[in-house]
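The values are calculated or read from the model by the stated rules, or taken from the named source; none is laboratory data. Only a predicted model underlies this, so the values are computations on that prediction, with no experimental measurement involved. So basically every Cβ, Gly included, is an ideal-geometry build from the backbone, and we count neighbours across all protein chains shown.
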2 protein chains.
Amino acid sequence: MPAQVPIPGQPVRGSKSGKPIMALFDLLGRSWALGVLWQLSEGGLTFRALQDRCEMVSPTVLNRRLKELSASGLVARGEDGYALTEAGQELYALLRPFGPWAQSWAAMLNGMDRD
Amino acid sequence: MPAQVPIPGQPVRGSKSGKPIMALFDLLGRSWALGVLWQLSEGGLTFRALQDRCEMVSPTVLNRRLKELSASGLVARGEDGYALTEAGQELYALLRPFGPWAQSWAAMLNGMDRD
DNA sequence: TATATTTGCTACCCAAAGCGTAGCGAATCT
DNA sequence: AGATTCGCTACGCTTTGGGTAGCAAATATA
């Protein structure tokens with residue numbers, strides 16, 4: 001049985017109720033899911049290109065994530081490889097502020113326990 | 001060797017460069033990390049209460065996530081159990097819009113391939 | 001004070017997910 | 001034709017996650 005894709009409305013890892021937010025967290029809480037969305041934000045990438053951008057992802061996992069993200073309507077394969085769908089772009093828009101926030105978070109962490 | 005906590009600036013799962021966003025994605029891309037932040041948004045919860053809210057989390061994993069999130073300065077233990085730190089609340093603020101978005105995403109998915 | 005309950009875990013062990021490497025068939029370049 | 005690139009899949013190993021049991025400390029109860 002192949003890996004299950006979390007679909008809102010159906011029980012998923014971590015939620016019998018299948019609440020959409022839990023299905024989403026299940027989907028995004030898998031290795032490289034967030035990273036893939038992030039890398040695809042600037043435009044379509046081929047499988048290999050994506051693999052290169054994500055330095056340490058194995059083709060096995062990348063392929064699994066791409067299938068899941070496709071089944072969830074966030075990513076689709078087009079002319080220029082894999083790209084975000086409209087929904088994927090919406091989600092990325094929500095994700096984008098994480099970039100700058102991560103910067104200040106890093107600064108804070110360095111300040112509090114470095115040296 | 002205990003589980004490694006992704007710290008920005010140091011190589012993490014998925015990034016030799018240790019880019020903050022990658023460290024963050026590594027941290028959040030683990031089972032229940034997002035769910036825990038979500039559940040703690042409304043106030044502090046004891047370990048057991050948190051465990052109940054997250055219906056299907058084992059104490060093993062919950063404890064691991066809490067340690068990681070604590071080490072990352074997003075969660076801390078206080079009077080009333082575990083609670084979001086200031087940084088955790090900032091991150092939650094970025095996360096909150098995912099709730100409504102997940103709703104419309106669910107609606108879209110049901111519309112496109114159900115029946 | 002003794003007992004019972006709750007809390008915050010840890011140990012243990014099995015299952016699932018992830019990783020690394022190799023490589024294959026199809027398409028594209030030379 | 002030969003070489004390279006592309007999108008994967010197979011395989012075996014390591015890491016992570018999950019389920020259950022249970023323990024020591026704190027708190028409630030008698």
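Filtering region B:70-115 to residues that are farther than 29 Å from B:P8 by Cα and within 7 Å of chain A (Cβ to nearest Cβ) leaves B:Q103, B:W105, B:A106, B:M108, B:L109, B:N110, B:M112. A:Q89 meets the conditions (1) in contact with a Leu (Cβ under 7 Å, 6 or more places away or on another chain); (2) in a helix (DSSP H, G or I) in every case but one. The failed one is (1).
Just so you know, in region B:10-39 the residues that are modelled with pLDDT of 90 or more and within 11 Å of DNA strand C (Cβ to nearest atom) include one that is surrounded by the most Cβ atoms within 10 Å (Cβ to Cβ), and it is B:D26. Assess whether A:Q51 counts as being in a loop (DSSP other than H, G, I, E, B), more than 20 Å from B:Q10 (Cα to Cα) and more than 8 Å from chain B (Cβ to nearest Cβ). No.
Of all residues in region B:56-69, those that are within 13 Å of chain A (Cβ to nearest Cβ) have Cβ atoms under 8 Å from Cβ atoms of residues that are of a type in the set (S, T, N, Q) and more than 6 Å from DNA strand D (Cβ to nearest atom), 6 or more apart or on another chain, in B:M56/A:S15; B:V57/B:Q51; B:L62/B:Q51. Among the numbered conditions (1) surrounded by 15 or more Cβ atoms within 10 Å (Cβ to Cβ); (2) of a type outside the set (G, A, S); (3) more than 9 Å from every other protein chain (Cβ to nearest Cβ), the only one that A:E42 does not meet is (1).
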